[in-house]
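Asker: Would you mind keeping the following structure in view while I ask a few things?
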Amino acid sequence: MKNQYLHLVSLVLMFVFSSCEDDNSTEVVLSCEPTTGYFGSFILNYFSGNPVPSGFRNPNRQEAVCLEDIYPVQIAGTGTGNCGLGYEMNENPFLGPAISLQEYDISNPEFSVFKRYLNVMGIFSCHDFSTRESFFYLFQPGQYGFASDNEDFGNFIIEFWEDGELYSSRSVAQTGSAVIITEVEYFPDFGEGSDSVEATLIFDAVLQGLNGKHIQVKDAIVKGRFYRSSPWGYEWED
């Protein structure tokens, strides 16, 4: 697994961040050798505004992040959506399975308070989960886009939460960017659990917070598992 991961890194992690305003450049290098089956690595670039319309600018701050599935980090399969009327009678015609990279605050009791987290969530129609085969078909090796809203089916939303602020790729222009799915493995479950898909995802994304600030997630590689879900109180026949 390590060799496959390092091969991916060699293909996508040699980036130099430059400024349009001067010739100085800042290079951030990821050096991750995960020891767990699920992991995540990416570079965070912090901007006071959207870096895309104005071209590349030097970020206010940069951080290289390497995460393994060992406390204080948990890499979990999560999701959202309810395929019907939900809170305040809002219609949610989607299910959104996600891989969540959750970093916990070690100053609090174990696994109780998030320090920050990154979610990689697919947006799909409820019908796509009705059979095992249709659910597996959602996650094929290849290139996917970024969802503009919760009805932009077949695409992904990237979210990052930190310091009480949620940053999202939703409705943010992602010039030349895509989500690439690779190393896919399918796990049918015939017991009391849930069908699942293990996959590696590669992407860059610009995320916007309600505070008007932006975070650019660069050279991200995330490996985890998506789980088949169902509407609240409903079980699929298979």
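The values are calculated or read from the model by the stated rules, or taken from the named source; none is laboratory data. Note that this is a predicted model, so its numbers are computed, not measured. As a convention, Cβ positions derive from the backbone with ideal geometry for all residues, glycine included, and neighbour counts pool all protein chains shown. Remember, those area values only see protein heavy atoms, side chains included, never the ligands or the DNA or RNA. Shrake-Rupley method; radii C 1.70, N 1.55, O 1.52, S 1.80 Å.
Asker: Does SER177 satisfy the condition of being touching a residue at least 24 places away in the same chain (Cβ under 8 Å), open to solvent by 10 Å² or more (accessible area, probe 1.4 Å) and either of a type in the set (A, V, I, L, M) or more than 22 Å from TYR38 (Cβ to Cβ) (or both)?
Answerer: Working: touching a residue at least 24 places away in the same chain (Cβ under 8 Å): yes; open to solvent by 10 Å² or more (accessible area, probe 1.4 Å): yes; either of a type in the set (A, V, I, L, M) or more than 22 Å from TYR38 (Cβ to Cβ) (or both): yes.
Criteria met by SER177.
Asker: Say we look at the range 197-238 and pick out the residues that are among the basic types (Lys, Arg) and farther than 18 Å from ASP163 by Cα; which of these is surrounded by the most Cβ atoms within 10 Å (Cβ to Cβ)? Before you say what the answer is, go through the steps one by one.
Answerer: Residues of the range 197-238 that are among the basic types (Lys, Arg), as a first pass: 213, 218, 223, 225, 228.
Subsequent filtering for residues that are farther than 18 Å from ASP163 by Cα retains 218, 223, 225, 228.
Values: LYS218: 23, LYS223: 24, ARG225: 18, ARG228: 27.
Out of the qualifying residues, it is ARG228.
Asker: Modelled with pLDDT under 95, on the phi > 0 side of the Ramachandran plot and in a loop (DSSP other than H, G, I, E, B) - does that describe any residue in the range 66-84?
Answerer: Yes, the conditions are met somewhere in the range 66-84.
Asker: If you take the residues in the range 192-238 that are of a type in the set (Phe, Trp, Tyr) and part of a strand (DSSP E or B), which one is farthest from GLN62 (Cα to Cα)?
Answerer: Within the range 192-238, the subset of a type in the set (Phe, Trp, Tyr) is 203, 226-227, 232, 234, 236.
Next, only the ones that are part of a strand (DSSP E or B) stay: 203, 226-227.
Values: PHE203: 17, PHE226: 29, TYR227: 32 Å.
Per the stated criteria, the residue is TYR227.
Asker: Can SER107 be described as surrounded by fewer than 16 Cβ atoms within 10 Å (Cβ to Cβ) and closer than 23 Å to ASP195 by Cα? Break it down into steps so the answer makes sense when it comes.
Answerer: Numbers: surrounded by fewer than 16 Cβ atoms within 10 Å (Cβ to Cβ): yes; closer than 23 Å to ASP195 by Cα: no.
Judged against the criteria, SER107 is not a match.
Asker: In the list GLU151, GLU159, which residue meets the criterion of being assigned to a loop (DSSP other than H, G, I, E, B) and in contact with a Phe, Trp or Tyr (Cβ under 9 Å, 6 or more places away or on another chain)? Steps first, please.
Answerer: On the way: GLU159 fails: assigned to a loop (DSSP other than H, G, I, E, B).
GLU151 is the lone residue from the list that is assigned to a loop (DSSP other than H, G, I, E, B) and in contact with a Phe, Trp or Tyr (Cβ under 9 Å, 6 or more places away or on another chain).
Asker: Suppose we filter the range 63-73 for residues that are over 16 Å from GLU162 (Cβ atoms) and surrounded by 17 or more Cβ atoms within 10 Å (Cβ to Cβ); how many remain?
Answerer: Applying the first criterion (over 16 Å from GLU162 (Cβ atoms)) to the range 63-73 yields 66, 68-71.
Subset that is surrounded by 17 or more Cβ atoms within 10 Å (Cβ to Cβ): 68-69.
Number of matching residues: 2.
Asker: Would you point out the residue of the range 124-163, among those that are open to solvent by 60 Å² or more (accessible area, probe 1.4 Å) and not acidic (Asp, Glu), that is nearest to LEU207 (Cα to Cα)? Give the derivation first.
Answerer: Going residue by residue through the range 124-163, those that are open to solvent by 60 Å² or more (accessible area, probe 1.4 Å) are 127, 133, 137, 140-141, 143, 149, 151, 153, 161, 163.
Restricting the remaining residues to those that are not acidic (Asp, Glu) gives 127, 137, 140-141, 143, 153, 161.
Details: HIS127: 29, TYR137: 28, GLN140: 25, PRO141: 24, GLN143: 19, PHE153: 19, TRP161: 10 Å.
Restricting to residues being open to solvent by 60 Å² or more (accessible area, probe 1.4 Å) and not acidic (Asp, Glu), the top hit is TRP161.
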